[in-house]
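Below is one structure, written out as structure tokens; the observations come after it.
The values are calculated or read from the model by the stated rules, or taken from the named source; none is laboratory data. A quick note: this is a predicted structure, and the numbers were derived from the prediction, not measured. All Cβ positions, glycine included, derive from the backbone under ideal geometry; neighbour counts span all protein chains shown. For the accessible areas, the whole protein counts, side chains as well, though only heavy atoms, and no ligand, DNA or RNA atoms are used. Shrake-Rupley method; radii C 1.70, N 1.55, O 1.52, S 1.80 Å.
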Amino acid sequence: MSNQEMVEKLRQRGYITSKKIEEAMLSVDRAIFIKNSFPYEDTPYPVGMGQTISAPSVVAFMLEHLDVERGMKVLEIGTGSGYNTVLLSYLVGSGGHVISIEKISELHGIAKKNLAKYNFSQNIELYIGDGSCGYEEQAPYDRIIVTAAMPNLDKIHPFVIQLKEDGKIVAPVGSRLYQDLIVYEKKTNTSRKILPVMFVPLIGKYGFQ
Ligand code: SAH
């Protein structure tokens, strides 16, 4: 299978529904981020330090619901391999910004190397730290995407405080083992469940212990 075939399958199965997500996923080769012989399988894989890169269907589904436009400022929590970070970079374009926080410095280093392979990734800033508190320094954000499981999301959560009035958050919210992917809209203060998922836990002040 090739990256192109992976994207075509995701489209046929309904995970990719828009031209922009299709183009982004065609432009970013998943093999760069995965060190095994089957990088295009629709399955999560270890990326080191006990962490995982999500299945491409879940990545596509999250990005479709995040509804990113060119020029936006997006905060990502959990850089991991940097795969999703690069996709976001492509989606916001040269006038946009992607800020991504990773807690584990080894993974931050791996992501940095992976990102260097894409020349459109100049709009990315990577930081090491506890992303469960968001990243106040660059707030407010148009969109926030969380790629580790978080226990709850309410009006007074730092992510919501750091979000613009018409902003959206896509995040796995639930217990340490099982979560629902939710889309949160600040304007209406509502969360909509879109998919049952299993993510690695967000470890930190507003995450798990
Ligand atoms: N989006 C990544 C996958 C991330 S897996 C990819 O495309 O590869 C979840 C990541 O969240 C892990 O790398 C984990 O180390 C990180 N993480 C966990 N708790 C965190 C926290 N409090 N702040 C920032 N990153 C955290």
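For the chain, give the percent of accessible area contributed by carbon and sulfur heavy atoms, probe 1.4 Å, rounded to a whole number. Mind showing how you got there, number by number?
On the way: 5120 of 9720 Å².
Exposed carbon and sulfur together represent 53 percent of the surface.
Taking the full set of protein chains and a 1.4 angstrom probe, give the accessible area of Ser105 in square angstrom, rounded to the nearest 10.
Probe radius 1.4 Å; accessible area of Ser105 about 60 Å².
If ligands, DNA and RNA are left out, what is the accessible area of Ile128 with a 1.4 Å probe, given in Å² to the nearest 10?
Rounded to the nearest 10, that gives 100 Å².
Could you work out how far apart the two model spin labels at Lys9 and Met49 are, taking each label as a point 7 Å from the Cα in the direction of the beta carbon, and quote it in nm?
Modelled inter-label distance: 2.9 nm.
Assuming a strict under-17 Å limit between Cα atoms, what lysine pair count do you get for the range 61-197 once near-sequence pairs (fewer than 8 apart, same chain) are dropped?
Lysine pairs meeting both conditions in the range 61-197 amount to 15.
Could you give the dipole magnitude of the range 40-99 about its Cα centre, charging the beta-carbon of Lys and Arg +1 and that of Asp and Glu -1, in debye to the nearest 20?
It comes to approximately 240 debye.
May I ask you to list the trypsin sites (Lys or Arg not before Pro) in the range 1-61 that are in a DSSP loop and have at most 16 other Cβ atoms within 10 Å of their Cβ? If you can, show how the numbers build up before the last one.
Numbers: sites: Lys9, Arg11, Arg13, Lys19, Lys20, Arg30, Lys35; in loops: Arg13, Lys35.
Qualifying residues, ordered by number: Arg13, Lys35.
Would you mind getting me the FRET efficiency between Ser2 and Arg70? Use the beta-carbon distance for r and R0 = 35 Å, nearest 0.05. Before the final figure, lay out the partial values.
Working: r = 27 Å, r/R0 = 0.77.
Given R0 = 35 Å and the Cβ-Cβ separation, E is 0.80.
For labels at Glu41 and Gln122 in the simple 7 Å Cα→Cβ model, what's the distance in nm?
So the two model labels end up 3.8 nm from each other.
Round to the nearest 0.05 the FRET efficiency obtained for Glu165 and Glu106 when R0 = 41 Å and r is the Cβ-Cβ distance. Don't jump to the answer; show the numbers that get you there.
On the way: r = 37 Å, r/R0 = 0.90.
E(calc), rounded to 0.05, equals 0.65.
Pick out, in residue order, every one of the chymotrypsin sites (Phe, Trp or Tyr not before Pro) in the range 161-204 that is DSSP loop and has at most 13 other C-beta atoms within 10 Å; say none if there are none. Walk me through the numbers before you get to the answer.
Details: sites: Tyr178, Tyr184, Phe199; in loops: Tyr178, Phe199.
Answer by residue number: Tyr178.
Using heavy-atom solvent-accessible surface (probe 1.4 Å) with all chains present, what is the largest-first order of Tyr83, Tyr45?
Tyr45, Tyr83
Between Ser94 and Lys155, what FRET efficiency comes out of the Förster formula 1/(1 + (r/R0)^6) with R0 = 45 Å and r the beta carbon distance, rounded to 0.05? Before the final figure, lay out the partial values.
Numbers: r = 34 Å, r/R0 = 0.75.
Rounded to the nearest 0.05, the efficiency is 0.85.
Using a 7 Å offset from the Cα along the Cα-to-Cβ direction at both Glu136 and Ser18, what is the distance between the two label points in nm, to one decimal?
Going from the Glu136 label point to the Ser18 one covers 3.2 nm.
Please work out the average accessible area per residue across the chain, using the 1.4 Å probe convention, and give it in Å².
47
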